[in-house]
Amino acid sequence: MSAIQKILEQDIKLPSPPAIAVHILDAVRREDSSFRELGRIIASDPALSAKILRVANSSFYSLKYPVDTIEKAIAVLGVDQLKNIALSFVIAQGMRGNAEEGFDFDYFWRRAITAAVGADLVAQRMGCKTGDTFVSALLMDLGVMVMYFWSPARYVQALDSKRASRESLCSVEQRLFGFDHAEMGAEVLKAWGLPENIWMAVGRHHTGGEGRGADQPTQDVLCLADALSSIYHGSHSSQRIAYVKKRLGQYGIEGEQVDGLIDAVAEKTLEVLSSFDLAPGALRPFSQILQEANEELGKLNLSYEQLVVELKQAKEKAERLAHDLSEANEKLRELAFRDGLTGLYNHRYFQDLLDKEMGRAVRYGRPLGLVLFDIDHFKAINDNCGHPVGDQVLRALAGQFAALTRRTDVVARYGGEEFVIILPETDSKGIMVLSQRLRRGIEQMEISTEAGPLSITVSVGATSYEEGMGPRTKAELIDAADGALYAAKRGGRNQVRFRKLTESA
């Protein structure tokens, strides 16, 4: 027993088909029955007879001559057609109720009748119309109602999930229940004893376009009927219209023929709805739908153009923000490597850069110079004039380095009153020239301070890595420069001393 059969037998109390529907089906199935017997069964229900005659004489069938009895209607339209008209009325009437939370019965049958009318018109144009076309389309979504009867809260959840996502209703149902409304509807109609060609068509009505079997036109008719109904009772009409035109085009139905067919669906549905005692609801002419669809398309185009503009603006804004962020990060990086008092590079930056320059010099055998110097008797300036004056001296000295060094030289504050210069691509002779220029330039400075003008001198220690020295380390280079600086101080200050890497202190 399948899950659906178990539900139908154990979990749900479905309304049985009305007694007159059972009699009609029995009469049609029996080989010895006649159309007169079918006529007597239908005529036993005056209200049903009146509705059938009303539909038979409507523009839906466009008969040449009016019919005034059920027997004449059967003779003109045929047993199958009358049977299906009668079944449509009694099933729709028997499964009507008050609108409940989450399910609107009148809307359901309005949509179903529109689909049935659409199926009949499409099948006629495609040349595959049968007596079962109308009722198959009318009942193809019966499973929706049955699943709602079975589990109202869960099915409302499924409908909400479908609206909130791009999934089809069948996909949502399969995910939540393990089966869909097409399968459920087919099982119900099978249990009610409807002909196999009807419940089989209902079970497959969402597979239009899958494969090209013998029953493909019937499946396509039901898929198109569903889309036609959605044009009048759903959203995104422009998309549905495009789908209908594409699918009908596969059968050679194009252009004005399609527009005429869609328009005829609304016109004929209005007549049939009145026979089912249903108000038209939101059903309106195709011309109005088309106008709304064009407006919807216009809004989409406008929205697209606006979106392009907004995306362009957002991109430009993002690029500006990225540029500003890059500049801010660069400033932060500079601040991280700058000395707060003098604005020169700090000790950390010096160590990182010397690592790289020493590695490059050793790797490629290129010269690299290093100069260490500090201010002579700087402690006396702080002690006698105060630390603010000492800070003024340090800032003034830092401001002179641009004039006293080359663009390729990197000056950093080593710590306190000590400074350091990295000189790429500079041998010992070049280092001595620059060191002496630096010493003399500083000696000639007159620094304006709060304590009055001051003059200072510096002691300079220099060293260099030369081609052919082989592997050496940053620490060795710093030690050599530091030793030279110590020698300059010990020798009387205000002088330059050079120490080779091979010399000891």
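Observations on the model:
- The chain: angle of helix 79-94 to the longest principal axis, Cα-based, in degrees nearest 10: 60 degrees
- Within the chain: Cβ-based charge dipole about Cα centre, in debye rounded to nearest 20 (Lys, Arg +1; Asp, Glu -1): 1380 debye
- The orientation-averaged projection of the convex hull spanning the C-alpha atoms of the chain amounts to 43.7 square nanometres.
- Hz values of 3J(HN,Hα) by residue in segment 258-266 - Karplus curve (6.51, -1.76, 1.60), Gly and Pro given as x: 5, 4, x, 5, 4, 5, 5, 4, 5
- With respect to the chain, whose longest principal axis is taken over its alpha-carbon atoms, helix 286-336 is tilted by about 20°.
- Radius ratio Rg over Rh of segment 100-284, counting only Cα atoms, Kirkwood formula for Rh: 0.94
- Near-label residues of segment 378-405 by backbone N, under 14 Å of a point 7 Å along Cα→Cβ of E450: 382-394
- Residues with amide H under 5 Å from that of V458, placed H, sequence gap 5 or more: D376, N494
- The peptide list 57-63, 105-111, 175-181, put in order of mean Cβ contacts within 10 Å with the highest first, becomes 105-111, 175-181, 57-63.
- In this label model, R493 and H377 are separated by 0.5 nm, measuring between points 7 Å along each Cα→Cβ vector.
- Positive-end extreme of charge dipole, the chain - chosen from S171, P424, V22 (charges on Cβ): P424
- Distance between segment 445-505 and segment 394-431 - C-alpha centres, whole angstrom: 11 Å
- In this structure the amide hydrogen of V410, modeled in the peptide plane, comes within under 5 Å of the amide hydrogens of I422, none closer than 5 places in sequence on its chain.
- Acute angle (nearest 10 degrees) that the helix 19-29 long axis makes with the longest principal axis of the chain, alpha-carbon atoms: 80 degrees
No value in this document is a laboratory result; all are computed from the given coordinates. Just so it is clear, the structure is predicted and the values come from calculations on it, not from any experiment. When we count neighbours, we look across all protein chains shown, and the Cβ atoms used for this are built from the backbone with ideal geometry, even at glycine.
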